[in-house]
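Derivation of every value follows stated rules applied to the coordinates shown; laboratory data play no part. The shown structure was predicted, so the numbers you read here are calculated from the model rather than taken from an experiment. Positions of Cβ are backbone-derived with ideal geometry, glycine not excepted, and every protein chain shown enters the neighbour counts.
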Amino acid sequence: MCVSVKRGDTVVVLTGKDKGKKGKVISVDAENGTCIVEGVNIVVKHKKARSAQQKSSREKMPHSIHVSNVQVLCKCGKRTRVSNIVDAAGKKTRVCMKCKEALDSKYVKPKATKKKEKEEVAEDKDAKKEAKPLQRREVKSVADSKVKKPAASASKQVALPRKIGGS
């Protein structure tokens with residue numbers, strides 16, 4: 001079965017008790033034509049205690065929903081069908097039917113100018129200098145200066161009574 005949704009897509013539910021809800025696809029089962037959407041089709045699973053130490057519980061978890069009941073939400077903000085276009089390089093790409101924008105394209109960081117890069121590198125170097133770990137001698141002196149030693153007259157030790165006898 002050909003499935004038009006992939007893991008990580010944001011989809012809108014078209015039918016059922018969760019109609020109109022939006023969520024991210026957690027997993028897709030192409031063989032059965034189902035997908036699990038975050039926050040949609042929540043079911044309660046009862047777990048019985050298997051020993052005296054365990055507790056019985058009710059776990060809420062998302063259950064699968066058929067792929068035909070969801071539609072992909074495009075970057076343009078509209079729910080859309082998905083079209084497959086083959087590039088000149090022979091690579092298949094999923095495309096929004098309404099705005100013709102690629103759904104699979106990953107974010108590409110824009111190139112910064114050389115001046116901005118130099119400023120960022122300088123800031124990184126300053127941050128590294130400040131975050132330099134202390135040497136062994138420095139750590140010891142810092143630790144000694146922070147420890148407060150009690151005054152000699154105030155430090156009397158009180159003897160506690162011992163237990164005599166058994167059980």
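Using r as the Cβ-Cβ distance of K45 and K24, and R0 as 22 Å, what FRET efficiency do you calculate, to the nearest 0.05? If you can, show how the numbers build up before the last one.
Numbers: r = 21 Å, r/R0 = 0.96.
The formula returns an efficiency of 0.55 here.
Close amide-amide hydrogen proximity is noted between L103 and R94, V95, C96, each under 5 Å apart and 5 or more residues distant or on a separate chain (H modeled in the peptide plane; Pro and chain starts excluded).
In terms of other Cβ atoms within 10 Å, I164, I36 run from fewest to most in the order I164, I36. What residues from the stretch 4-26 fall in the zone where the backbone N is under 20 Å from a label point 7 Å along the Cα-to-C-beta line of A102? Correct set: 4-10.
Which ordering of L103, L14 is given by a fewest-first count of other beta-carbon atoms within 10 Å? Write down the numbers at each step before the final one.
Working: L103 19, L14 14.
Listed from fewest to most nearby Cβ atoms, that is L14, L103.
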